[in-house]
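Here is the structure we will look at, set down as structure tokens.
A short reminder: the numbers here are calculations on the coordinates, not readings from a lab. Being a predicted model, the structure only gives us computed values, none of them experimental. Ideal geometry is used to build each Cβ from the backbone, glycine not excepted, and the neighbour counts take in all protein chains shown.
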Amino acid sequence: MSDPVDDSGWATPPLRFDSDKPVEPDLLARILGAATLAPSPYNLQPWRFVVVRDAANPRRLQACAWNQPMVGQAPVVVIVLGYLAPDQTHLDAMLDRRLELGACTPGRAAEIRGRAVAAVGRAPDRALWATRSAMLAAASLMRAAGATGVSSALLDEFDADALSETFGVPDDHAICCLIALGWTHQSEPFPGRFGLDEVCYAEHFGQPWTG
């Protein structure tokens, strides 16, 4: 089976970012805005982004990420967080906005509120619950970056405690990943992906995918 076509700019980590070429603020805002369009349970949007681009911070961030070169090279690194308690602080604001937009009735809003509180309350691991949605936002961010020609690299090797202390991440947020963003002169060739016959099943786990 042939490899899928990939033109997203994020199939593999780039060899080297051009640290002298910034990602313009308007373009960065568009990329981050696209990330916020990701889906989440009950539209609770439990993702938060710490955008690191000040010249004083790359070395501090790199020290928290096991000195990975891309962290120091990239003009922008986004720390993607999962917020553990959006149901306690943002649920009402989200529902109020839906009502203002005419996207639901008061009765429907009350129903959503009850179901959301119950669902989040049942989550056995709030960090995992928040991380699932935050990683969807991370993927959306990377796809949006690739669509504009900005390269991105997903980095999941870091000292979470050091990151939290250095960049003020509160205890009710889980650190999900780092995303390096910037311009590159050269990228590694697309490494290929397993075919659907390896990763997809029909109706029941283990049942061969037949198309």
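Structure values in brief
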| read-out | value |
| --- | --- |
| GNM top mover of A134, A74, A147 - the chain, alpha-carbon springs below 10 Å | A147 |
| Largest-first principal axis extents, alpha carbons of region 99-151, Å | 44, 33, 9 |
| Simple label model, 7 Å out from Cα along Cβ direction - F194 to A123, nm | 2.7 nm |
| Kyte-Doolittle at least 0.0, axis length at least 30 Å by Cα - qualifying DSSP helices, the chain | 126-147 |
| Size descriptor, Kirkwood hydrodynamic radius, that averages inverse alpha-carbon separations across region 40-112, Å | 14.9 Å |
| Mean separation of Cα contacts under 8 Å, 6 or more apart, over the residue count of the chain: relative contact order % | 37 percent |
| Candidates L99, L32, L155, ranked by Gaussian network fluctuation over the chain, Cα under 10 Å, top entry | L99 |
| Among S133, S19, S151, residue whose mean-square fluctuation peaks in a GNM of the chain (springs only between Cα atoms under 10 Å) | S19 |
| Principal semi-axes in Å for the chain [√(5λ), Cα gyration tensor, largest first] | 31, 25, 17 |
| Computed [θ] at 222 nm, deg cm²/dmol, the chain (DSSP H ≥ 4; -39,500 (n - 2.57); rounded to nearest 500) | -12000 deg cm²/dmol |
